[in-house]
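Input: a single structure, listed below in structure tokens.
The values are calculated or read from the model by the stated rules, or taken from the named source; none is laboratory data. None of the values given here were measured: they were computed from a predicted structure. Reconstructed Cβ throughout: ideal geometry from the backbone, glycine too, with neighbour counts over all protein chains shown. Just so you know, the surface numbers come from the protein's heavy atoms only, side chains and all, with ligands and any DNA or RNA stripped out. Shrake-Rupley method; radii C 1.70, N 1.55, O 1.52, S 1.80 Å.
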Amino acid sequence: MSLLIKNGSLLNQAGELEVCDLYLEEGIIKKIASNIQATGSEKVIEAAGLLVSPGFVDLHVHLREPGGEQKETIATGTLAAAKGGFTTIASMPNTKPVPDTKEQLEWLHKRIKETAKVRVLPYATITKGQRGTELVDFPALAEANAFAFSDDGVGVQAAGVMYEAMKEAANINKAIVAHCEDNSLIYSGAVHEGKIDKELNIPGIPSIAESVQIARDILLAEAANCHYHVCHISTKESVRVVRDAKRAGIKVTAEVSPHHLLLCEDDIPGDDANFKMNPPLRSKEDKAALLAGLMDGTIDFIATDHAPHTEEDKQKGMRSAPFGIVGLETAFPLLYTNLVEKEILTLKELVDFMTIKPANAFQLPFGKLAEGEHADIVLVDLKHEATIDPAKFASKGKNTPFTNWNCKGWPVQTIVNGEIVWEKESVQQ
Ligand SMILES: NC(=O)N[C@@H](CC(=O)O)C(=O)O
Ligand SMILES: [Zn+2]
Ligand SMILES: [Zn+2]
């Protein structure tokens, strides 16, 4: 089925909105022009007043399948992605079992093919069982279409193991995507070590637990000549270290999450585990440094770190609940409302941070609206206002700190490979 999107607003290179039509056929954007005439055989989508954006790309998502289906499945997580305007997501490997063999990864690809609503690029682990000791078979997993290698959920503790992993990854031209956390510096903390740990009398996680490992890894990546990507960067020291590394010409990239851009420890209302995630919400100064890092190119793009947990998990409170919050269904409206509407970022900057920038960091052929490109598109209503209500999420995870936030910029239709995978009317919003 071909699609004709009429009268939508597209961002041009200068960041201005231009009214245009798009013709999609066989999964490809065939034509972008004003006044494309319908032939009668295609489905016509009236998009007047809507932003037509490349589908969003999220390279940090937890889908929990296999082994955590009570928290999320590939089906529910990718529906949440579609609802949030994401057309390509990369799935983190901290599942049970983890994709650390060719067979596991092949099973995952099959399951994705059967049940995913959007494109899913699965990570393989760096170490067997994410135990941090024995490396996976990098060439075999690359052959089985691993997107990249990550032990997300836990840092690789031994420098020697990380160095060998980086050399393996460099050999096959794949990236090491790192959750940076030195276990000897976390002291079983649950919140940032700063003000909030004292206020709540809960052990804190110091900033150095992250920044020390990033500094180590950057030097290893330089020696191994490996593309090294930093997950969910959260501290001002980490930003400085990455900035210096980029200046030195080291192949490092970094992502930041919407919650670290929009919240800090001062926003934690008390013992509420919907504000518990790893890394934790840091200080006001850290939050400012993350935004500055994003704006000066130190941080390459935005990724949600969508980490669904059950309500039962989160009712255990700050000390005992698992780390993580959901993000797919609220990322764009939150960032649009709190950064673009407040003129901190332009609309084009935000869209780029969620489309072309993540795609380019990993040489992915997505995130662009141009003739000949994949027909991955989201239509967004920038004016419609609605309040965030977790009860309405498609995700099984309702664990968000943003309940009741009023936002504009809600996706209304999501197209992957030229096919409508979600539209507002089909799901209660
Ligand atoms: N971010 C989190 O707080 N939790 C993630 C793991 C991770 O991203 O490190 C999870 O899998 O729940
Ligand atoms: Zn992580
Ligand atoms: Zn994660």
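For the range 354-368, the criterion of a residue being farther than 14 Å from I89 by Cα and surrounded by 21 or more Cβ atoms within 10 Å (Cβ to Cβ) is satisfied by no position.
Among the residues making up the range 276-302, none is open to solvent by less than 40 Å² (accessible area, probe 1.4 Å) and without any contact (Cβ under 8 Å) to a residue 40 or more places away in the chain. Go over the candidates A146, A169, A142 one by one and state the one that is open to solvent by 20 Å² or more (accessible area, probe 1.4 Å), within 23 Å of the chain's Cα centre (by Cα), more than 16 Å from ligand 3 (Cβ to nearest atom) and under 24 Å from L59 (Cβ atoms). Answer to the check: A142. For the range 303-326, the set of residues classified as near ligand 1 (Cβ under 8 Å from one of its atoms), open to solvent by 10 Å² or more (accessible area, probe 1.4 Å) and out of contact with any helix residue (DSSP H, G or I) (no Cβ under 7 Å at 6 or more places or on another chain) consists of D305, H309, F323, listed by residue number.
A quick yes/no check of all residues on (1) assigned to a loop (DSSP other than H, G, I, E, B); (2) surrounded by fewer than 24 Cβ atoms within 10 Å (Cβ to Cβ):
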site	(1), (2)
I89	no, no
P93	yes, no
P99	yes, no
H109	no, yes
I112	no, yes
L121	no, yes
T133	yes, yes
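Quick check on the range 53-71: of everything there that is crowded, with 24+ Cβ neighbours inside 10 Å and more than 16 Å from the chain's Cα centre (by Cα), which residue is farthest from ligand 3 (Cβ to nearest atom)? So the residue we want is S53. Name the residues in the range 199-236 that are of a type in the set (D, E, K, R) and either over 22 Å from the mean Cα position of the chain (by Cα) or assigned to a loop (DSSP other than H, G, I, E, B) (or both), would you? Within the range 199-236, E199, R216, E222 meet the criteria.
Scan the range 64-79 and give yes if some residue there is in contact (Cβ under 8 Å) with a residue 60 or more places away in the chain and small (G, A, S), otherwise no. Yes, some residue in the range 64-79 is in contact (Cβ under 8 Å) with a residue 60 or more places away in the chain and small (G, A, S).
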